[in-house]
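Novice: Can you keep this structure in mind? I'll have questions shortly.
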Amino acid sequence: MIKNIKIGIKLSCGFLMIVGITLVIGMMGWRGAISLGTGAGEIADVRLPGIDSLRIMHREFEFIRATQQTLLNPLLDDQEHKKQFDNMLLAQQRYKAAWNTYEALPKTAEEKLLLDQLAVAVEAWNKENKVFIDFAQQLDATDIRNPVELMSQLQKFRNDHYKLSCEVLELIYHDKPLQGGDDYRACDFSIWAASFENKNQVLQDWLTRILQFHETFHNRIGNIKKLMEKGDKSGAEKAYYSEMTDALTVTFQTFEKMEQEAGKAIDLYKKMNMQALVKCREKQAVVDTLIDKVIKINDDAAKKISADVKHKVSAAVNSAIFWMILEALLAIGIGIVLTRMITGPIGKIVDMAAAVGRGDLKKTVTINQKDEIGMLADAMRTMVRNLNGLVEITRRISIGDLTVTVTPLSEDDTLGYSLQAMAAMLSGTISEITTSAGCVAQGAHQLNSTSQDMSQGATEQASSLEEISSSMNQIAAQTKYNAENARQANLLASEAKVSAEKGDAQMNNMVTAMRDINESSRNISRIIKVIDEIAFQTNLLALNAAVEAARAGRHGKGFAVVAEEVRSLAARSAKAARETSELIEGSVKKITDGTAMAEKTSAALKGIVAAAGKATDLVAEIAAASVEQAQGVAQITQGLGQVDQVTQQNTAYAEECAAAAQELSSQSTMLQQLVSVFTISQSAALDSLEFSDDGAGQAMLASGDDERS
Amino acid sequence: MTEQKGRIDIDSDLYDDDDDEDTQKDKYLTFTVGREEYGIEIRCVTEIIGIQKITDVPDMPAYIKGVINLRGKVIPVMDVRLRFRMPEREYDDRTCIVVVNVNGASVGLVVDTVREVADIPENQIELPPEVAEASTQGYIKGLGKVGEEVKILLDVEKLLRKEDVEALQVL
């Protein structure tokens, strides 16, 4: 029954239990904290402030007492004095504030009672304090801060003056010299009076009065002294008794009056003392006691709360610990139980899935629950069942029965669809293969015949090559012969060239020689010219001589003869020169001709040389060409050899091809046999004739088994 | 005394034309100008020299080439070819200057070549043909036959025109 509850609900319940217990623990903790808070709050907000206020009140009382004590100090200056009153006021204010603070706090009944008592006691004390203040103010009014001191001073002055008067008498009667005393300004009293600042009107009045007489007093002493110096004893005496005595009396009276005032002040002062030190003190003691009591009450209360809280807290902690342990155990227990309930069956299912993963479809689980695990087990079983069905189909395909039909379980049954496609594909492919095998067999037969033809062709090729080869050999021989002839011709042409060059050189030499001859001829010519010139000049000379001779007349006859002779000599020279010149010219001409001919010959020889050179070049070219030809022929021969090789290879290949064709045809027969193992459905066979690659789109094959359970 | 006498003799010989005409008379100095040979009486000829530098003198007739310096003497020179209105020929080493004496003035004649002193007797001399006298101005004295050749004999005095002589005398 638990098994049939959904896993989600099981888990939720477990967690809720845990949550519940946690809440309980939390609640307890919260409660403990609350109480702790309350207690602490009370202490902090009520007890401590209460105690604090009370202590302040206590302190302020003390402070006021101290102020009273200070006020009792006669040596206090005005500022300090006033300050004390201010302080007293401040202390009272602070007290009031503390009182208010305390009053606002919550109190117990006992406290209230004590508080009332306290109020009464404080009131009483206040009264006494007022009295004290009253006295103090009165004293202030007299403005005699230190009455005792004043009293002693006044007495002193009185005595001084009395002493002075006695001294005067001494002077008068006993002539005891009297130092000073006549200058009132020098008198201590005057000096003191001058600096006596006192607001007490009565005193001031008396003082004023005294001073008058004081002055008179001293003046009169002065008079007396003068009189005494003059020696007027009686006058002095008279003066003493008439003048001085009055002044003296009044002075002393006035002093007494002043002393009375001082005495009043002293009384007040004493009263103040009494008030402060006794009365106030009494009342204050009462107040203090009460305050202490209240403080104690607060203190006790605080302690009690503290103890209480501690107790509560420890209780809470203990119970929390207890519940936490309980919860932990519970949680562990629930966890273990739930886990076992879930992981057990899941483990079994995992085993089954692993088996399926390995390929073992025989395993199953026997889980019959209604919850998710049960559903999972059901699904697994369904899956295995379907897989088994597909396994059966594939088995049938494996034995060659391609007539299976695959019905996909749903739109998402990719395996089913794939199998379907596979079966269709296989059917189609097998039928295709069958037809192809037939084609291949045909092709193999054709190949056989073709290869035989090829073999024949190769043989013919080989024989033609033979013929070509022999022709090439002949060409090669011929070429060699040509090359040899060319070489020889080259040699001859070179020789001819050499000879022609030699002849040319000789020609050149000859031409050079002829030129030299020409040159010499020219030189001779030049010389002949010179001779001719000489002849000419001689002729002229002769003529001149003849002229002179003619001029000389008969004396000149002999001279004329000589001149004539000289002329004929000149003529002969000229003639000889001329002839020689002609000969030279002839010679030159011949030489020129000869040179021309030589040059022609030279040119011809050069032509021969050039021709021979050209012939040599041509022949060289012929030789080179022959060589190349020979090389070419060799290469051709080589090529032919290769072709021959290839032809032989081809023959061999053709034979191999025939063999292979044979083999192929036997193999195709075998293939056909193999394919015949498969049985394909008729529709598939028909469809294969127009087979497309879209195997998945194939329609369902005729009546296939469906192994759905 | 002999010297003086000789000189005087020479001088007297010179002035004594009758005696000396024999020796000088038939002798002609032949020269060529152009294609023809010309001759002049030897007694007119002072000297024959080869061609030398002619100093050009301006403002003279064309055939007066200029003057030359002959051993310190300044002699005007006339080109015969130009005088005969023949085309001028370039002077070569055969060209000679025949220095003639004309009325006391020496003049040089530039000729192509000088031949010889030919002896031409009078019977061999023909008078020139009657051509317009204006052209030749009478300077052809005659034509002399020497062997196969004919030489034109010139009258030197006529060769130079009157005005030329005056001009030359200015020099």
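The values are calculated or read from the model by the stated rules, or taken from the named source; none is laboratory data. Given the structure is predicted, the values throughout are model-derived calculations rather than measurements. Heads up, the Cβs are rebuilt from the backbone with ideal geometry, glycines too, and the neighbour counts pull from every protein chain shown.
Rundown of residues vs (1) among the acidic types (Asp, Glu); (2) within 25 Å of A:VAL530 (Cβ to Cβ); (3) within 14 Å of chain A (Cβ to nearest Cβ), yes/no style:
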| residue | (1), (2), (3) |
| --- | --- |
| B:GLU47 | yes, yes, yes |
| B:ASN69 | no, no, no |
| B:PRO76 | no, no, no |
| B:MET86 | no, no, no |
| B:GLU90 | yes, yes, no |
| B:GLU122 | yes, no, no |
| B:ILE125 | no, no, no |
| B:PRO128 | no, no, no |
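Novice: I would also like to ask the following. Applying the selection to the stretch A:523-558, what residues are farther than 14 Å from B:ARG94 by Cα, surrounded by 16 or more Cβ atoms within 10 Å (Cβ to Cβ) and more than 10 Å from chain B (Cβ to nearest Cβ)?
Specialist: A:ILE524, A:SER525, A:ILE528
Novice: Go through the stretch B:63-87 and report how many residues are part of a loop (DSSP other than H, G, I, E, B) and out of contact with any helix residue (DSSP H, G or I) (no Cβ under 6 Å at 6 or more places or on another chain). I'd like the intermediate steps shown before the answer.
Specialist: Going through the stretch B:63-87, the residues part of a loop (DSSP other than H, G, I, E, B) turn out to be B:63, B:71-72, B:84-87.
Restricting the remaining residues to those that are out of contact with any helix residue (DSSP H, G or I) (no Cβ under 6 Å at 6 or more places or on another chain) gives B:71-72, B:84-87.
Residues in the stretch B:63-87 being part of a loop (DSSP other than H, G, I, E, B) and out of contact with any helix residue (DSSP H, G or I) (no Cβ under 6 Å at 6 or more places or on another chain): 6 in total.
Novice: Looking only at the stretch B:49-67, filter to residues that are under 18 Å from the mean Cα position of the chain (by Cα), β-branched (Val, Ile, Thr) and more than 14 Å from every other protein chain (Cβ to nearest Cβ); which one of those is farthest from B:ASP112 (Cα to Cα)?
Specialist: B:VAL67
Novice: Moving to a separate point now. Condition check: within 20 Å of A:ALA546 (Cβ to Cβ), within 13 Å of chain A (Cβ to nearest Cβ), part of a strand (DSSP E or B) and modelled with pLDDT of 90 or more. Does B:VAL98 satisfy that?
Specialist: On the way: within 20 Å of A:ALA546 (Cβ to Cβ): yes; within 13 Å of chain A (Cβ to nearest Cβ): yes; part of a strand (DSSP E or B): yes; modelled with pLDDT of 90 or more: yes.
Considered against the rule, which asks whether it is within 20 Å of A:ALA546 (Cβ to Cβ), within 13 Å of chain A (Cβ to nearest Cβ), part of a strand (DSSP E or B) and modelled with pLDDT of 90 or more, B:VAL98 comes out as yes.
Novice: How many of the residues in the stretch B:101-120 are within 14 Å of chain A (Cβ to nearest Cβ), without any contact (Cβ under 8 Å) to a residue 60 or more places away in the chain and β-branched (Val, Ile, Thr)?
Specialist: 0
Novice: Separate question: If you check A:ILE34 against the conditions, is it more than 24 Å from A:ASN273 (Cβ to Cβ), touching a helix residue (DSSP H, G or I) at 6+ places or on another chain (Cβ under 7 Å), assigned to a helix (DSSP H, G or I) and at pLDDT 85 or above? Write out each step before concluding.
Specialist: Values: more than 24 Å from A:ASN273 (Cβ to Cβ): yes; touching a helix residue (DSSP H, G or I) at 6+ places or on another chain (Cβ under 7 Å): no; assigned to a helix (DSSP H, G or I): yes; at pLDDT 85 or above: yes.
For A:ILE34, the condition - more than 24 Å from A:ASN273 (Cβ to Cβ), touching a helix residue (DSSP H, G or I) at 6+ places or on another chain (Cβ under 7 Å), assigned to a helix (DSSP H, G or I) and at pLDDT 85 or above - is not met.
Residues are listed down the side, and each one gets a yes or a no for (1) in a helix (DSSP H, G or I); (2) more than 60 Å from the chain's Cα centre (by Cα); (3) among the hydroxyl-bearing types (Ser, Thr, Tyr); (4) assigned by TED's automatic domain parsing to the domain that holds A:ALA301:
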site: A:PRO49; (1), (2), (3), (4): yes, no, no, yes
site: A:LEU75; (1), (2), (3), (4): no, yes, no, yes
site: A:HIS81; (1), (2), (3), (4): yes, yes, no, yes
site: A:ASN87; (1), (2), (3), (4): yes, yes, no, yes
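Yes or no, residue by residue, for (1) surrounded by 13 or more Cβ atoms within 10 Å (Cβ to Cβ); (2) in a helix (DSSP H, G or I); (3) in contact (Cβ under 8 Å) with a residue 60 or more places away in the chain:
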site	(1), (2), (3)
A:ASN298	yes, yes, yes
A:ALA302	yes, yes, yes
A:HIS311	no, yes, no
A:ALA328	no, yes, no
A:MET341	yes, yes, yes
A:ILE346	yes, yes, no
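Novice: Anything in the stretch A:158-210 that is loosely packed, with under 12 Cβ neighbours inside 10 Å and on the phi > 0 side of the Ramachandran plot? List them, or say none.
Specialist: Residue satisfying the conditions is A:ASP175 alone.
Novice: Just to be sure, is A:VAL609 within 14 Å of another protein chain (Cβ to nearest Cβ), among the aliphatic types (A, V, I, L, M) and assigned to a helix (DSSP H, G or I)?
Specialist: For A:VAL609, the condition - within 14 Å of another protein chain (Cβ to nearest Cβ), among the aliphatic types (A, V, I, L, M) and assigned to a helix (DSSP H, G or I) - is not met.
Novice: Only one of (1) under 30 Å from A:ILE305 (Cβ atoms); (2) buried (at least 17 other Cβ atoms within 10 Å of the Cβ); (3) of a type in the set (Lys, Arg) is not met by A:ARG59, so which one is it?
Specialist: Here A:ARG59 clears every test but (2).
Novice: Checking the structure you have, find out if any residue of the stretch A:150-167 is modelled with pLDDT under 85, touching a Lys or Arg at 6+ places or on another chain (Cβ under 8 Å) and assigned to a helix (DSSP H, G or I).
Specialist: Within the stretch A:150-167, one or more residues are modelled with pLDDT under 85, touching a Lys or Arg at 6+ places or on another chain (Cβ under 8 Å) and assigned to a helix (DSSP H, G or I).
Novice: Then there is this: What number of residues in the stretch A:169-178 are hydroxyl-bearing (Ser, Thr, Tyr) and part of a loop (DSSP other than H, G, I, E, B)?
Specialist: Total meeting the criteria: 0.
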